[in-house]
1. Each label point is 7 Å from the Cα along the Cα-to-Cβ direction; what then is the distance between the points at TRP623 and GLU370, in nm?
2. Quote to one decimal, in nm, the extra length available between ARG510 and ALA277 on full extension: 0.36 nm per residue of separation minus the C-alpha distance between them.
3. Rounded to the nearest 20 Debye, what is the dipole magnitude of the chain about its Cα centre when Lys and Arg each give +1 and Asp and Glu each give -1 at the C-beta?
4. Could you work out the Rg to Rh ratio of region 564-719, with Rh taken as the Kirkwood radius (inverse of the mean 1/r over all Cα pairs)?
5. Projected onto the charge dipole of the chain (+1 at Lys/Arg Cβ, -1 at Asp/Glu Cβ, origin at the Cα centre), which of LEU274, ALA669, TRP566 gives the Cα projection farthest towards the positive end?
6. Among PRO170, PHE359, VAL50, which residue has its Cα positioned farthest towards the positive end of the charge dipole of the chain, with +1 placed on the Cβ of Lys and Arg, -1 on the Cβ of Asp and Glu, and the dipole taken about the Cα centre?
7. Over region 434-543, what portion of Cα pair distances is larger than 24 Å, expressed as a whole percent?
8. Regarding region 391-454, what's the average projected area of the Cα-atom convex hull, expressed in nm²?
Amino acid sequence: MSVDANRWYAQSAELPSAYHPDQAMMLQPTAALRFAHPLPYGAILHEGGVQFVVFSRSATAMRVLLYDSVDQPDPAQVIDFDPDLNRWGDVWSVFVPGLGPGTLYHFQADGPYEPHRGHRFDPQARLIDPYAKALAGEFMPAEDGIIRPPKCVVVSDEFDWQGDRHLRRPLSETIIYEMHVRGFTRSPTSGVQHPGTYLGLIEKIPYLQKLGVTAVELMPVHEFSVLDCLGKMPPHPNYWGYDPLAFFAPHRGYAVGKEPGCQVREFKQMVRALHQAGIEVILDVVFNHTAEGNERGPTLSFKGLENRVYYMLENGGQYYRNYSGCGNTLNGNHPIVREMIFHCLRYWVHNYHIDGFRFDLASILSRDREGNLVPNPPVVETIAEDPLLSDTKIIAEAWDAAGAYQVGTFASMRWAEWNGRYRDDVRRFWRGDPHTIGSLATRLAGSSDLYQPGGRRPYHSINFVTSHDGFTLNDLVSYNHKHNEANGENNRDGENNNFSYNYGVEGPTRLESIERVRSQQIRNFLAMLLLSQGVPMLLFGDECRRTQQGNNNAYCQDNEISWFDWKLADKHKNLRRFCEALIAFRKAEPTVRQTNFLSGRPFRPGGLPDVSWYSASGGPVDWSGNSHSLTCILAAVPPREPLEPPNHHIMLMLHAGADAQRFVVPEVARHLPWRLFINTGLRPPRDVYPALDGPSPPADGIIDLEGRSLVCYVARDEL
């Protein structure tokens, strides 16, 4: 049924007959004028109804389709926008009385279908509102050829936050734990009441607290679809979620409840609980492409509203530029799209209390409308300068799928970056590659080569050895090659160059000699990560050897390959103890999380340099040589206040060679009261001394290290 919306506005807008100029300030707007609000976008709740607002420059007609239930295939009502009364410039806006939270809707737009000019309007297409705050249901079978995407839900933003506010922890004091909401608790071994959900994650907060991380970085929680546009399960289901449908909406698949919009409440409950535990929430956001794909893909939202604005096009508009590797590229530096992105970020910060964002393939945001990389791109600068985001963490994955690589040069002081150079250089050193001690030292010291020239700080480097995209830490030391056969692409997908090594056998083994070196290497990587200047990021489950069976691209593996097997948390409790001790040490010691780059000069006259480097013999380092051994001494950072306890000097001895190596404590440090903190060459529990009360070095200063091992001594600064 088509209904003329304007019959609801038949009330006269003329001034009352009793009007006098001196009474002007006493008059109140009448309900009949509420249709005039052209902003904000989306479905906005007002007293007595809902305002539907959408942008389209080229549409010739616009409709709101209303549904009575999630499983209803066709709308119960169709509300037409009057182009004379309900259009303000390029903004279509209509108020529909009698509606409230839980209302289900789509947009539908008429307009030109001229692919050669970039227009792809389809008057039959049901369109997801770009500003939808929630979706409900899944794609329904397109029996009549009409795609029926998930329905948009009118949502109330009201929620009892119980006084919750952002934690505002400095980036330099942050320890990030990258995780997948579903994969974290989906396994039956998790033992939670609500596996694979926001509420299930809440049940595991005590585990995160004991581990000691300060922030979780959630893989995409923006709405994405598991079923394809025909309502069928695709051969490669979208497990990771890097295929967004609606940027303002939390994913409905991670909710326990089934009523439309319940995911909004449950997501907020999760954030509130994490904040109560002192853990910040960072979202992995995908503002580089959408689920609509290329010119052969479906029309689900942006294509059917203003294709030429929302996407980067080429060949006159017929084809899509593909810098994302996913078929299309969001036109992030168009003013309309830029506005949508920062409205979205503001919404998540204000309405969901989100503490930060990691931008997937962020280099795409540095491209202009023709795809050229430009300095000071508007959307990147807008995000950095937005006042509502001023204390929000913003992190770039500073590359894209078309060859851009901007690690160290992405943007301004506000932006941190995933440091892919750290990952590669640390992997190569511990694998034993030649000529790597120079790059290893640079990464350990905070990557000044990347961030200091632009005036940035060590904490702008997000250090990681593993992430969702690649091997887990266990698999990094268990496989020479990727094993992605389960993905159904004949092992062609995923990165080939992993800088990994299996130490004698490909995959699991019962050989104790191989298992021992793998265990040592895992500890080496964890110690390296948590003792480096910069901000460490752990991949969930690396603290207890989670494996993906050699799969380094598990984007479609919603099964045991990707899920956290919680039996490992008990099986490898000694490794968890090791990791927990390192995290606690990092949180207590500003010496390993300095906010300025190391200079080689002492903090005080006559003291140790803030950093000094030595060969295994205790002498100068031959940086051009082919050594696999290095000693680093970090001088204790002086306390900020007179009554604060002193910090610790730190001496790291790193040996990546396969054979044992003798180290000599440098003469300049012989007088200090060193105590062992970590020795990855020793069996648990002697591999770590959480109380910093391990044995002192031998009196002669000679320390023999096992092959492929790391030793860390600490000495309290007594000055």
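1. 4.1 nm
2. So the extension gain works out to 80.0 nm.
3. Dipole about the Cα centre, nearest 20: 1800 debye.
4. In region 564-719, Rg relative to Rh is 0.98.
5. ALA669
6. It is PRO170.
7. Of all Cα-Cα distances in region 434-543, 35 percent exceed 24 Å.
8. Seen from a random direction, the Cα hull of region 391-454 projects 5.3 nm² on average.
Here, each number is a calculation from the coordinates, and none is a lab measurement. Keep in mind that what you see is a predicted model, and the values were worked out from it rather than measured. Note that we place each Cβ from the backbone using ideal geometry, even for glycine, and neighbour counts take in every protein chain shown.
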